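Trainee: Right, I'll just put the structure down here and ask away after.
The values are calculated or read from the model by the stated rules, or taken from the named source; none is laboratory data. No experiment lies behind these values; they were computed from the predicted model shown. Positions of Cβ are backbone-derived with ideal geometry, glycine not excepted, and every protein chain shown enters the neighbour counts. Note: areas computed on protein heavy atoms with side chains; ligands, DNA, RNA excluded. Shrake-Rupley method; radii C 1.70, N 1.55, O 1.52, S 1.80 Å.
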Amino acid sequence: MKTVAFIGLGHMGLPMAANLVKAGFTVRGFDLSETCCTAAREAGIPVAADADEATDAAEVIITMLPKGEHVVSVYGDLARKVSAGTLLVDCSTVDMESALKAHELAAAAGCPSVDAPVSGGTGGAAAGTLTFMCGGETQAFSAAKPVLEAMGKKIVHCGKGGNGQAAKICNNMILGISMIAVSEAFVLGERLGLSHQALFDVASTSSGQCWSLTTYCPVPGPVPTSPANKDYQPGFAAALMLKDLKLSQAAANGTGASTPLGAAASALYENFVDEGGGARDFSAIVEMLRGGEA
C-alpha cells in the first residue's frame, strides 16, 4: 500500500483520512488546528508534527482545505520540496483559477496532479461513499483512483485539469436551486393545507422528484435520516452552500454563462447566512422561506 500524506483534517478530511487508514494505507496527517490534530489521533490517524514531516517520502499527497488561496499556498510549498513523480490530489472545493494554478505548480515540479472535489457531505465521508469528480491527465487519474476508492463509492474522470471543480460547481448549483424549489413547494403546501407527507408521497413519485426531496427532504417526517429531523444539524452547512454558489457565479461571470436561478439561489443563501443560518444545514433555508428566523 502507498504512503499517503493528508493535509487538512477538518470535518471532511478527518473521516476521509480515517478510511484510508482502515483500507491499509500508511497515512500521515497534518492540520494547522491542534484541535483537529487531537481528534485525528483519537480516530487512529497518525499525525505529523508539521506539513514537512507529513509529506516527507509520501507517494501521494492529498489536500482538503477551505479556500483556493490555501491550496495554492500549500502547492507552492510542495513544488519546492516534493520529489518529482509524487502524486498530488486536491479534494478541496475551490475557484477555477486556483484549481488551474495548483495544476500548474504541480506540473512545474514534475508531479502528476488531480483536482478531485467531493459530494456526499460528512455522512458520505464517514461512510466512505463519497463521489469524487476528478480533473487531470488520464495517467494521473488512474494513479489516484485506487486511493480515492478507499474513501468513495463513485469516482468520475471529468476530463482535463480543473474539470473536477467545474463539475462540482455545476452540481452544487443544481443542488442549491433544487433545495430552494423543494422548500418553496412545502411552504406553499402548508399554506394550502397539505400535510408534509401527502406532498412528499405525490412529488417523490411524480415529476417533482429530485435528490433534495427524496434524500434530503427539508421538512421533518417524510425522510427520517434528513437533517430536518435533527434540528438541521449540518451534513452540509449553509455557509458551504453559499461558498459553492458564489463559486458558480464567479465561473458564470467569467465565461458569460447565463445562470439567473443560480444567481437567485446565491442571493437567498447569502440572506440566510447573514441572518445567522450559516452553521445550520443548508436545508434549513425552508425556515427563512416560511418567514421564520434563521
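Trainee: Among the residues of region 127-142, write down those that are of a type in the set (A, V, I, L, M, F, W, C) and in contact (Cβ under 8 Å) with a residue 60 or more places away in the chain.
Mentor: Scanning region 127-142 gives a single hit, L130.
Trainee: Output the number of the condition that G193 fails; it satisfies all remaining conditions of (1) assigned to a loop (DSSP other than H, G, I, E, B); (2) within 23 Å of the chain's Cα centre (by Cα).
Mentor: Among (1) assigned to a loop (DSSP other than H, G, I, E, B); (2) within 23 Å of the chain's Cα centre (by Cα), the lone unmet condition for G193 is (2).
Trainee: If I filter region 84-96 for residues that are surrounded by fewer than 23 Cβ atoms within 10 Å (Cβ to Cβ), without any contact (Cβ under 8 Å) to a residue 60 or more places away in the chain and in a helix (DSSP H, G or I), do I get at least one hit?
Mentor: no
Trainee: Give the residues of region 198-220 that are part of a helix (DSSP H, G or I) and within 20 Å of A284 (Cβ to Cβ), sorted by residue number.
Mentor: L199, F200, A203, W211, S212, L213, T214
Trainee: Can you work out which of the residues in region 257-294 that are among the β-branched types (V, I, T) and assigned to a helix (DSSP H, G or I) is surrounded by the most Cβ atoms within 10 Å (Cβ to Cβ)?
Mentor: I285
Trainee: Another one. Is it the case that some residue within region 199-209 is open to solvent by 30 Å² or more (accessible area, probe 1.4 Å), at pLDDT below 95, closer than 22 Å to S119 by Cβ and out of contact with any strand residue (DSSP E or B) (no Cβ under 7 Å at 6 or more places or on another chain)?
Mentor: Checked against the condition, which is being open to solvent by 30 Å² or more (accessible area, probe 1.4 Å), at pLDDT below 95, closer than 22 Å to S119 by Cβ and out of contact with any strand residue (DSSP E or B) (no Cβ under 7 Å at 6 or more places or on another chain), region 199-209 yields no hits at all.
Trainee: Of all residues in region 13-38, which are part of a helix (DSSP H, G or I) and either touching a strand residue (DSSP E or B) at 6+ places or on another chain (Cβ under 9 Å) or open to solvent by less than 40 Å² (accessible area, probe 1.4 Å) (or both)?
Mentor: Hits for region 13-38 are G13, L14, P15, M16, A17, A18, N19, L20, V21, C36, C37, T38.
Trainee: Within region 110-155, can you find the residues that are small (G, A, S), in a helix (DSSP H, G or I), open to solvent by less than 40 Å² (accessible area, probe 1.4 Å) and more than 30 Å from R280 (Cβ to Cβ)?
Mentor: A140, A144
Trainee: Just for region 238-256: of the residues that are small (G, A, S) and assigned to a helix (DSSP H, G or I), which one is nearest to E287 (Cα to Cα)?
Mentor: A238
Trainee: Take region 156-173 and flag every residue that is under 18 Å from A102 (Cα atoms), in contact (Cβ under 8 Å) with a residue 60 or more places away in the chain and in a helix (DSSP H, G or I).
Mentor: G164, Q165, A166, K168, I169
Trainee: With (1) under 30 Å from A238 (Cβ atoms); (2) free of Cβ contacts under 8 Å to residues at least 24 places away in the same chain as the list, and V114 as the residue in question, which single condition is left unmet?
Mentor: (2)
Trainee: Specify the residue that is farthest from N19 (Cα to Cα); the eligible residues are those in region 39-48 that are open to solvent by less than 80 Å² (accessible area, probe 1.4 Å) and either out of contact with any strand residue (DSSP E or B) (no Cβ under 6 Å at 6 or more places or on another chain) or in a helix (DSSP H, G or I) (or both).
Mentor: A39
Trainee: Anything in region 52-83 that is open to solvent by less than 40 Å² (accessible area, probe 1.4 Å), part of a helix (DSSP H, G or I) and among the small types (G, A, S)? List them, or say none.
Mentor: Passing the criteria: A54, G68, G76, A79.
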